[in-house]
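Let me begin by presenting the structure, written as structure tokens, before commenting on it.
Each reported figure results from applying straightforward, stated rules to the coordinates on display, with no laboratory input. Just so it is clear, the model here is predicted, and its values are computed rather than measured. Don't worry about glycine lacking a Cβ; one is built from the backbone with ideal geometry, like all the others, and counts go over all protein chains shown.
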Amino acid sequence: MARTTSRPPEDLAEKIIDIDVSEEMRGSFLEYAYSVIYQRALPDARDGMKPVQRRILYQMNEMGLRPDRGHVKCARVVGEVMGRLHPHGDSAIYDALVRLSQSFAMRVPLVDGHGNFGSLGGDDAPAAMRYTEARLDRAAELLVSGIDEDVVDFKPNYDGQETEPEVLPAAFPNLLVNGASGIAVGMATNMAPHNLGEVIAAARHLIAHPEATLEELTEFVPGPDLPTGGTIVGLDGIRDAYRAGRGTFKTRASVAIEKVSARRTGLIVTELPYNVGPEKVVARIKELVQSKKLQGISDLKDLTDRTQGLRLVIELKNGFNPEAVLEDLYRLTPMEESFGINNVALVEGQPQTLGLRELLQVYVGHRLEVVRRRSEFRRRKRRERLHLVAGLLVALLDIDRVIALIREADDTAAARESLMAAYSLSDIQARYILDTPLRRLTRFDRLELETERDQLNNEIDELTSILESDKKLRRVVSKELGDVSKKFATPRRTQLRESDGASRAAVIPLEMADQPCHVLMDVDGQIGRSKGAAPPQMYDGLRVRHDAIAVSVPTTSRSDVGLVTDLGRMIRVPVVELPELPDEGGEAPPLASGLPVTEFVQLEEDERVVSVVSMDAAGPGFVLGTVGGVVKRVSPDYPPNKDDFEVITLKDDDRVLGVSQLSTGEEDLAFVTSEAQLLRFPASAVRPQGRPAGGVAGVRLPEEARVLWFGAVSSPDDAVVVTVSGAANALEGSQAGAAKVTPFSSYPAKGRATGGVRCHRYLKGEDTLLMAWIGRAPARAARADGKPVRLPDTTERRDGSGEPLPRAIVTVGSGRTDFGITAPGPGA
């Protein structure tokens, strides 16, 4: 079949209009820019709302989604807003709704949401609107309160079928409290949140003193108060923003330096900079550690949950200064971020850059206008009601004639005309009388109407006085703001610091310096390190059993010490891993703030640490003695590639009892046995042996006897011997025993491998020594519960008997740490 064509009619012929492209682009772009600036991106300086936010709150209020009602699906809210007021996509509306509910984005959230509304920093996206639910928060009611009292102007919506408010009444300065951010065409806004109580205090001051200066206002508003807390460092940029509307400041995470384990120090992050999430920080730290641009970090854990909130644990390697690592974190990671303030908002439809005073002036002016219009509306409503009440009271005064006039009338219109003519009533009053039921025309209702009339007159007078007095109007606005502050103000979350501390990183070394210190261990096995090259001084008076120091080893903070166990093992431990003891003004630091030595070593069952020695290759080494009377002098040839090795080969069931560091090799060695024998001989009598050696005979022991104490004494004239006797067959802990304290210098030196001299005479019923100890005076003793027990005064009788103790003691040690070389506590 042939196809035919025909020409269009003349009136449908193609018409081409020539248009200047530059003019068309200019006009179209200006229309687009205008739409973005006024309908999307920039907030109004009066209520702090962008159009989409304002429409969400207004529509939710119209839907009755108040705090005392149930939540509804966000999809329903978005649909209502999009269909009635906002001619844009649902994603833009839902994103705005989500932000209004986020406590980490808004200083005072305006929407109360149920469900997943996202996480800090946008690390976790919010759930779809079909899953989440929402209603107005209590604070949002303040923004829309009174909107039905003609307090703001309304305008047609996008299709002209409904109306929407041009601005919300805003009972608090929302723009300053919650801040704003938006990118328009050719301009942008970025405003920081502030503390509601501080902003309201400044607004009230401005209401009372309209000529208040910026300096006066900044006394109330010292700086932003971010929802996520943190610290603002450097306030010069904030002052610039408050003065001219633009400035920059830095926000830092809130970090505490704490012990995260027995051997590790960590940085605990509890608050992050505004709009920074933990996942972003964790990813950046891991990247820097892997690239070796960030040193000193051994582990990183994100322990954030709903119970304790944000908590990042950054575990540090031993030997690194936490302050220096923290400065690197601030410098290299999002734990320190800059915030650029750009206070651009719409004022009377025009974008303006505003300082703090101008922002408050615009809000105060808006609020004065809202209260004035509200007062006019309420006065008008009360006057209308008073007019009706007055007409009804006229009818009640002559109710019989009124009823007669109504009954005589042919219809309602005639009755209305008769009432108006007879009593000089208005049309509205006559209609109201006709509409009033007869049951209200009683004497009781007349009294109610008279009371209502008087109340209405009083309220009209009060509202008139507000409208006629600017001072009273300001007082009303100020009082309402004060009520809001009392109900909704919260403490400041963000700390303000004048200096950013930028010079600190230059003076804090990353790794701790190798400084002199002392490693201390008490008779209970608590260990720690003290500061300084000089040994800590003596405590004054008895305190607790931790005052009984067993060993003090001079060393440096980046050296190693060896922990010697009763099985003959030495375990290397870096000094820097030991807890640093607090400095108490020259006195010995309390080892109660140390840690148990078992936190640093893996011990076998029934194995215990006997003492601590220096691992310095220089020096004469150390000596050790066993329960079986063996003595060994160990040369300081410790293997550098091992952290755990033997220092003596023990025989049978023998155990190491005491270990002492030698400083000169000229010290005296001493054994005290359960048979009350004390042997003293020079350390030079024992030749050094290699680590595998089993030692030599130290003291001769009778059968069933054992060594109670062994150690080296560097200052014989200052040392004392403490011995405690008792009955061998008594139950453990059932006897207190008798104690004796004698000068160590009273005992003569004897040859090695001999039996020594008697050091204690038994009382009646006693047949053995229970405990012995030799060390620098004063000696300290404590019972099992840790409370101190006073020992007898020193006596010169080396073979005398002891004095009965009031309570059984379990430990003896020195009250001093400046004795140079000592030995551990008793081998009970």
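Laid out as a table, the results:
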| item | result |
| --- | --- |
| Folded to 0 to 90 degrees: helix 90-101 orientation relative to the chain principal axis, Cα | 60 degrees |
| Compactness of the chain, expressed as Rg and Dmax over alpha-carbon positions, Å | 44.3, 145 |
| Translational diffusion of the stretch 371-486, µm² s⁻¹ [Kirkwood Rh, Cα pairs; Stokes-Einstein; 20 °C; 1.002 mPa s] | 131 µm²/s |
| Estimated vicinal HN-Hα couplings, Hz - the stretch 240-254 in sequence order (Karplus 6.51, -1.76, 1.60; Gly, Pro = x) | 4, 5, 5, 8, 10, x, 9, x, 9, 9, 10, 10, 10, 5, 8 |
| Dipole magnitude of the stretch 516-814 about its Cα centre (Cβ charges: Lys, Arg +1; Asp, Glu -1), debye to nearest 20 | 740 debye |
| Burial ranking of peptide ranges 18-24, 671-677, 601-607 (average Cβ count within 10 Å, highest at the top) | 671-677, 601-607, 18-24 |
| Exposure proxy ranking, count of Cβ atoms within 10 Å, fewest first, for 63, 82, 335, 25 | 25, 63, 82, 335 |
| Computed E for residue 602/residue 487 - FRET, C-beta separation, R0 56 angstrom, nearest 0.05 | 0.40 |
| Alpha-carbon centroids, the stretch 263-299 and the stretch 693-754: separation in whole Å | 55 Å |
| Angle in degrees between helix 196-208 and the longest Cα principal axis of the chain, rounded to the nearest 10 | 50 degrees |
| Per-pair calculated FRET efficiency, R0 = 22 Å: residue 693 and residue 618 via Cβ, rounded to 0.05 | 0.55 |
| Residue order, fewest to most beta carbons within 10 Å, for 209, 518 | 209, 518 |
| Residue 131 versus residue 380: modelled label distance in nm, points set 7 Å from Cα along the beta carbon direction | 4.9 nm |
| Anisotropy class of the stretch 516-814 from Cα gyration tensor, a/c 1.5 cut | oblate |
| Straight-distance crosslink candidates among aspartates and glutamates, where the alpha carbon sits under 14 Å from residue 317 and sequence neighbours closer than 8 are dropped | 258, 299, 511, 577 |
| Least to most buried among 467, 206 (fewest other Cβ within 10 Å first) | 467, 206 |
| Relative contact order %, the chain, counting alpha carbon pairs below 8 Å whose residues are six or more apart | 9 percent |
| Quarter of Cα convex hull surface for the stretch 254-334, i.e. mean projection, nm² | 5.2 nm² |
| Extension gain, residue 421 back to residue 261 (0.36 nm per residue minus Cα-Cα distance, nm) | 48.0 nm |
| Fraction of beta bridges assigned by DSSP in the stretch 591-699 that are antiparallel (%, nearest 5) | 90 percent |
| Only Lys, Arg (+1) and Asp, Glu (-1) charged, at Cβ; the stretch 316-399 dipole about Cα centre in debye | 1020 debye |
| Nearest-ten-degree value, helix 74-84 long axis tilted from longest Cα axis of the chain | 30 degrees |
| Compactness of the stretch 707-817 as Cα Rg over 2.2 N^0.38 Å, two decimals | 1.03 |
| Value of [θ]222 nm, deg cm²/dmol, for the chain, DSSP H segments ≥ 4, -39500 (n - 2.57) each, nearest 500 | -9000 deg cm²/dmol |
| Efficiency of FRET from Cβ geometry, residue 436 and residue 149, R₀ 30 Å, rounded to 0.05 | 0.70 |
| Debye, to nearest 20: dipole size of the stretch 268-341, +1 on Lys, Arg Cβ, -1 on Asp, Glu Cβ | 220 debye |
